[in-house]
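Sending over a structure as structure tokens; questions will come in a sec.
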Amino acid sequence: MIEQDTIKLLRECDAGVKMGASSIHNVLQYVHSEKLKQLLSDCRKEHDQLDSEIQGLLDRYRDEGKEPNPIAAKMAEMKTKMDLTVHDSDETIADLMTDGCNMGVKSLSRYLNQYKAADEVSKDIAKRLIALEARLAADIRGFL
């Protein structure tokens, strides 16, 4: 049970970290403020570092991980492009990113509660990813 919950939690973290990194990548080219650009770039680097840790653990369990839901990812990308076409501003970017961070915190918290038997290393990664998303949402509030 521990190994099964661990793998399931790591898969969800894998999908979440990839979705977060992709979302940041999709908005970076539209950012006007150097401060916002730096906040997003730094967060992207932290996502990449967590992704490396997650991949290492998944490799140890001989699991391929999980890609973000392709429909959700495409819809998020389309919404971003549409919103930024209409309102090309840092405020729009902050709004989009805040919504994404909040969804990430919510879903990862749900998975953390669902897979209670996961090992402590995997739970720690999930908690760090949740904290990273929550911190980004707080850091960009000044741009809303």
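The values are calculated or read from the model by the stated rules, or taken from the named source; none is laboratory data. Since the model is a prediction, treat every value here as computed from it, not as a measurement. Cβ placement follows ideal geometry from the backbone for every residue including glycine, while neighbour counts extend to all protein chains displayed. Each accessible area value is taken on the protein alone, full model and side chains, heavy atoms only, with ligands, DNA and RNA left out. Shrake-Rupley method; radii C 1.70, N 1.55, O 1.52, S 1.80 Å.
Simple spin-label model, 7 Å along Cα-to-Cβ: residue 134 to residue 81 in nm?
The two pseudo-label positions are separated by 3.4 nm.
Still on this structure, please answer the following. Just the number, please: carbon plus sulfur as a percent of the accessible area of the chain, 1.4 Å probe, no ligands or DNA/RNA counted.
Carbon and sulfur atoms account for 52 percent of the accessible area of the chain.
Extension gain residue 45-residue 99, at 0.36 nm per residue separation less the Cα-Cα distance, in nm?
Here the segment from residue 45 to residue 99 would lengthen by 17.4 nm.
So, one more: For the chain, what is the mean residue ellipticity at 222 nm derived from helices alone (per DSSP H run of n ≥ 4: -39500 (n - 2.57); sum divided by total residues; nearest 500 deg cm²/dmol)?
-28500 deg cm²/dmol
Can you give the three extents of the C-alpha atoms in the stretch 75-144 along their principal axes, from longest to shortest, in whole Å?
46, 26, 13
Using the structure shown, list the pairs from 8/66; 37/66; 18/106 with a Cα-Cα distance above 18 Å, or answer none.
37/66, as the Cα separations exceed 18 Å there.
With a 1.4 Å probe and every protein chain left in place, work out the accessible area per residue of the chain in Å², rounded to a whole number.
Per-residue value: 57 Å².
To continue, here is another question. Mind checking the full-extension length gain between residue 34 and residue 121? Use 0.36 nm per residue of separation minus the Cα-Cα distance, one decimal, nm.
Difference between extended and current length: 27.8 nm.
Same structure again: With a ≥ b ≥ c the root eigenvalues of the C-alpha gyration tensor of the stretch 1-82, is it rounded (a/c under 1.5), prolate (a/b larger than b/c) or oblate?
Oblate is the answer for the stretch 1-82, as a/c is 1.5 or above yet b/c matches or exceeds a/b.
Could I ask something else about it? Suppose we look only past 20 Å in the calculated P(r) of the chain. What percent of the Cα-Cα pairs does that tail hold?
45
Only four residue types carry charge here, +1 at the Cβ of Lys and Arg and -1 at the Cβ of Asp and Glu. Report the dipole size of the stretch 1-109 about the Cα centre in Debye, rounded to the nearest 20.
The dipole of the stretch 1-109 has a size of about 160 debye.
Can you tell me which of 110-117, 64-71, 125-132 comes out highest on packing, and rank the rest after it, using the mean Cβ neighbours within 10 Å?
Going by the mean number of other Cβ atoms within 10 Å, highest first, we get 125-132, 110-117, 64-71.
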